[in-house]
Protein chains: 2
Amino acid sequence: VDVLLDLRFPIGGRDELEHALRQAIMSGALPAGTEVPSTRTLAAELGVARGTVGAALDQLAVEGLVEIRHGARTRVRHVPRRAPAVALEPAATAGATTDTNAAARAVADFTGGDPDLTQFPASWWASAVRRALASAPVATLGYGDPRGQPVLREALARYLRRTRGVVAEPERIVVTAGFSGALAIVARALAGSGSSSVAVEDPSLWVHRSILGRSGLAVTPIPVDADGVMTSALAASAVDAVVVTPAHQTPTGVTLAPDRRAALASWAADRRVLVIEDDYDGELRYDRRPVPALQALDTSRILYAGTASKSLAPGLRIGWAVVPDEWLDAVVNVIDTLGGSPVSAIEQLALADLVDSGRYDRHVRSMRAAYRRRRDDLVAALDGVASGVRVEGVAAGLNALVRLPVDCDETAVVDRLGDDGVLVTPLRRFRVMSSPDDTPGIVVNYGAPYAHRIRDDIATLASALRHALAGSRRR
Amino acid sequence: VDVLLDLRFPIGGRDELEHALRQAIMSGALPAGTEVPSTRTLAAELGVARGTVGAALDQLAVEGLVEIRHGARTRVRHVPRRAPAVALEPAATAGATTDTNAAARAVADFTGGDPDLTQFPASWWASAVRRALASAPVATLGYGDPRGQPVLREALARYLRRTRGVVAEPERIVVTAGFSGALAIVARALAGSGSSSVAVEDPSLWVHRSILGRSGLAVTPIPVDADGVMTSALAASAVDAVVVTPAHQTPTGVTLAPDRRAALASWAADRRVLVIEDDYDGELRYDRRPVPALQALDTSRILYAGTASKSLAPGLRIGWAVVPDEWLDAVVNVIDTLGGSPVSAIEQLALADLVDSGRYDRHVRSMRAAYRRRRDDLVAALDGVASGVRVEGVAAGLNALVRLPVDCDETAVVDRLGDDGVLVTPLRRFRVMSSPDDTPGIVVNYGAPYAHRIRDDIATLASALRHALAGSRRR
């Protein structure tokens, strides 16, 4: 309790407590692993109701900042960020979601959200920048439309319609700083319009839950099963919006079943709820034709968002959102409040050039083939590593969910893999609600290792996993 | 009142009223020119206290959304933004602060904040992009540090120390989406830390006041005289922060006097107030050595912010802030909440290349010489146009404040100039508080016209101004 009291929270109610705890965790004042005292103790010491403490901690758990586990003390989770005082080392600071010390000694790193950065079409990109500068009207270098450059929005409208079945007029397209930038803007538009709560899939990316929670929205987890997010649970909630990954759920990799797609759309229409469709890797489907975007089912309720982070590189910071008419003014107002479009006009023109010339398609096709080979290699390598090991969610995208034998301890396996220099993400890091019945699992981003070492890395993973499982039994 | 009541405000108090009015104005539901009913009428119809209505309208006036004039009805101001439904025309939508219809038929456009976009060093930039892609570690294309690329922060630290006297360690530098992006982030950090009010110079840019107000801060105007912002008035206020343009005040062009610089710094230290130094054009000083940045006076209280928008192009969307230690965590947390650094890694590396290679310095020197010639031409052309016309604020930057004869009507002059196809900005658009005693003036961005037509444009302005003044007398 001391560390909490030392923070001298200006405790008024749940919001203030939540805010103070959030700041303390994000700033490192409450480091990862810190045990949070019981709600009873905290309530007594801080002079607030136990229910208030419980509600605040529940919200922080949803945002991924604390971990509430059955039969164990609530703890502060590891929040990946670099301490400002750390010396600058480009290579070490580049992996945003990786523990930098561990990454430095890693033999094979399957964490984070990067695609294979060595495959970025650098030469095409540099040429597209040069062409854009040579041919674009000079006025495009001025203060621009908050939605982004018209020429890119027109190119994206055609591309998204053709490849993802999205109904996208350029007027409703907003170019953003990646998917996260789009989510942050939409979260603010929601909060500014009086919405108070948003549903997310469970499991899902904590960083997205964190963006929503810190934008002032209460976050409600909705379970995911083999058919995707459970629309029945969604219908029983009273949320104002929901964020979903229908084409390829993060991190389970399941596809939203057809009846659930219909149920989701009709629920959204009935309740006038905003559906945020995160189509981060919709282009990277391996075994059959891509699952079309949900958005076409109801363009007035479903906001489609995509990104160049997986198809090109996260460092570009380019994403896009197709915004329902009803939300367009609110979204543009938020962008204005944040200082206008954050995306470089030159890079927007370069991306438009790649899309319109067909080079973007060619690059995506080539990456799809390369990632499919990786996927096949991974499945083959992990086949027979141990009974109870199953590779799931690999019909698309860059991530595999590797289910572990039910009697093994997920954390211990991840630690043992780490000792062998193999970095993976424990499934529980994606979970909001956890229980002793959870199947253990690890999430393997097989897209990230560089092409020249992926085969070795996969072999290393298989061997380390065999070794880790041999010695790991559930506590 | 009808149009207001029709909006069905969920009126609770001042904040709700302010928010609802702001949304109505930004979305165009209350178009420019709409008369706002008297506070008495509004209070009665909306069922709130007159003081509440008055306070809300005062705040909106500071943000530049309504104009309160002595002896006249309060009116909704023109808020420049493009309607989403408008057809896409790159050329017409590029000028963000310009009435697009007027701009289309303009003979000479001196509005907006653009520098001469034809002088963007496109070939250098394209080469720098290619070099960056060829030489940077591939990991820099991944999800990066929320503060931006280390290599650019190191380059900026050296550059700002050398050219602006800024004490800037790379660890405290944050790369932002232009100055507006930096201001929006700092405004959120302030609001999130319990700050409630921020002071701004009067006159100043309405778009900055709008960003502050819409971030949840009350905005307090502080008058500017010939020595810059009046620090005595600042000391009498109870604000948590202040935004200043000490090197070259926007739009008057005055430089903050040495005793005021000292007074500002010691006030900030005594009151523990954050000073946000907007050094948007500090590099473009013509007649003597640049005025060093204020920041070195107190690095723990003064946040320095600069931009590539004037030296290169606004479309790059690159700016930077040197953040006091005490504010660094809060600023980084806001960036995380907005989805991470919004600035392209590739363009950050390209800018670092230009800065480190000395090409950025050469470009700035060459632009400084070119803008100084424009400045001299403008002063010469307006000399003798009419008695009472004085060109002020031209020791630096891209803007001139042209004072008009005291007996003329500023609005009428601007309208007459517009009829002749000459676009300038009336001084009152920058003002928060206005009175019948205000000296009329126009703000002329002589940086914006393209190089091949600037001489003609200046001649056109001089001739149109002579004509306008001949027929324009104060109402």
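The values are calculated or read from the model by the stated rules, or taken from the named source; none is laboratory data. Bear in mind the structure is a predicted one, so any value in this text is a computation, not a measurement. Don't worry about glycine lacking a Cβ; one is built from the backbone with ideal geometry, like all the others, and counts go over all protein chains shown. For the accessible areas, the whole protein counts, side chains as well, though only heavy atoms, and no ligand, DNA or RNA atoms are used. Shrake-Rupley method; radii C 1.70, N 1.55, O 1.52, S 1.80 Å.
A search for C-beta distances below 7 Å between a residue of segment A:108-123 that is over 16 Å from A:Pro251 (Cβ atoms) and within 7 Å of another protein chain (Cβ to nearest Cβ) and any residue that is part of a loop (DSSP other than H, G, I, E, B) and open to solvent by 20 Å² or more (accessible area, probe 1.4 Å), counting only pairs 6+ apart in sequence or on different chains, returns A:Thr118/A:Tyr450. When the residues of segment B:433-471 are filtered to those that are in contact with a Lys or Arg (Cβ under 6 Å, 6 or more places away or on another chain) and among the hydroxyl-bearing types (Ser, Thr, Tyr), the one that is surrounded by the fewest Cβ atoms within 10 Å (Cβ to Cβ) is B:Thr439. Scanning segment B:298-327 for residues that are touching a helix residue (DSSP H, G or I) at 6+ places or on another chain (Cβ under 9 Å), open to solvent by 10 Å² or more (accessible area, probe 1.4 Å) and closer than 20 Å to B:Asp145 by Cα, which turns out nearest to the other protein chains (Cβ to nearest Cβ)? Among them, the one singled out is B:Arg317. In this structure, A:Arg359 does not qualify as closer than 21 Å to A:Ala238 by Cα and either within 12 Å of another protein chain (Cβ to nearest Cβ) or not hydroxyl-bearing (Ser, Thr, Tyr) (or both).
Taking residues in segment B:297-309 that are farther than 25 Å from A:Gly142 by Cβ, and partners anywhere that are open to solvent by 10 Å² or more (accessible area, probe 1.4 Å) and among the aliphatic types (A, V, I, L, M), the pairs with Cβ atoms closer than 6 Å and at least 6 places apart or on different chains are B:Leu297/B:Ala265; B:Asp298/B:Ala265; B:Asp298/B:Ala269; B:Thr299/B:Val167; B:Arg301/B:Ala269. Taking segment A:259-278 as the range and being in a strand (DSSP E or B) and in contact with a Pro (Cβ under 8 Å, 6 or more places away or on another chain) as the test, the residues that pass are A:Leu274, A:Glu277.
Yes/no per residue for (1) modelled with pLDDT of 95 or more; (2) of a type in the set (Lys, Arg); (3) within 15 Å of B:Ala177 (Cβ to Cβ):
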site: A:Pro146; (1), (2), (3): yes, no, yes
site: A:Leu152; (1), (2), (3): yes, no, no
site: A:Tyr159; (1), (2), (3): yes, no, no
site: A:Thr163; (1), (2), (3): no, no, no
site: A:Glu169; (1), (2), (3): yes, no, no
site: A:Arg172; (1), (2), (3): yes, yes, no
site: A:Leu183; (1), (2), (3): yes, no, no
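Here B:Val422, B:Val379, B:Val414, B:Val389 are screened, and the one residue that is at pLDDT 95 or above, open to solvent by less than 10 Å² (accessible area, probe 1.4 Å) and of a type outside the set (Phe, Trp, Tyr) is B:Val422. Scan segment A:270-281 for residues that are within 23 Å of A:Gly192 (Cβ to Cβ) and open to solvent by 30 Å² or more (accessible area, probe 1.4 Å) and jot them down. A:Arg271, A:Arg272, listed by residue number. Checking the stated criteria, A:Asp225 turns out to be out of contact with any Asp or Glu (no Cβ under 9 Å at 6 or more places or on another chain), more than 27 Å from A:Ala177 (Cα to Cα) and of a type outside the set (Gly, Ala, Ser).
The requirement of being without any contact (Cβ under 8 Å) to a residue 60 or more places away in the chain and not β-branched (Val, Ile, Thr) is satisfied by A:Ala134. The sole residue among A:Leu427, A:Leu398 that is modelled with pLDDT of 95 or more, within 27 Å of A:Ile68 (Cβ to Cβ) and touching a Leu at 6+ places or on another chain (Cβ under 8 Å) is A:Leu427. Within segment A:286-307, one or more residues are touching a Pro at 6+ places or on another chain (Cβ under 9 Å) and more than 24 Å from A:Glu171 (Cβ to Cβ).
Note on segment B:27-50: residues that are closer than 28 Å to B:Arg429 by Cβ, in a loop (DSSP other than H, G, I, E, B), open to solvent by less than 50 Å² (accessible area, probe 1.4 Å) and not hydroxyl-bearing (Ser, Thr, Tyr) total 6.
In segment A:237-258, is there at least one residue being touching a residue at least 12 places away in the same chain (Cβ under 8 Å), open to solvent by 10 Å² or more (accessible area, probe 1.4 Å) and in a helix (DSSP H, G or I)? Scanning segment A:237-258, I find no residue that is touching a residue at least 12 places away in the same chain (Cβ under 8 Å), open to solvent by 10 Å² or more (accessible area, probe 1.4 Å) and in a helix (DSSP H, G or I), so the answer is no. If the condition is being in a loop (DSSP other than H, G, I, E, B) and either out of contact with any Gly (no Cβ under 8 Å at 6 or more places or on another chain) or not small (Gly, Ala, Ser) (or both), then segment B:432-469 contributes B:Val432, B:Met433, B:Ser434, B:Ser435, B:Pro436, B:Asp437, B:Asp438, B:Thr439, B:Pro440, B:Tyr446, B:Pro449, B:Tyr450.
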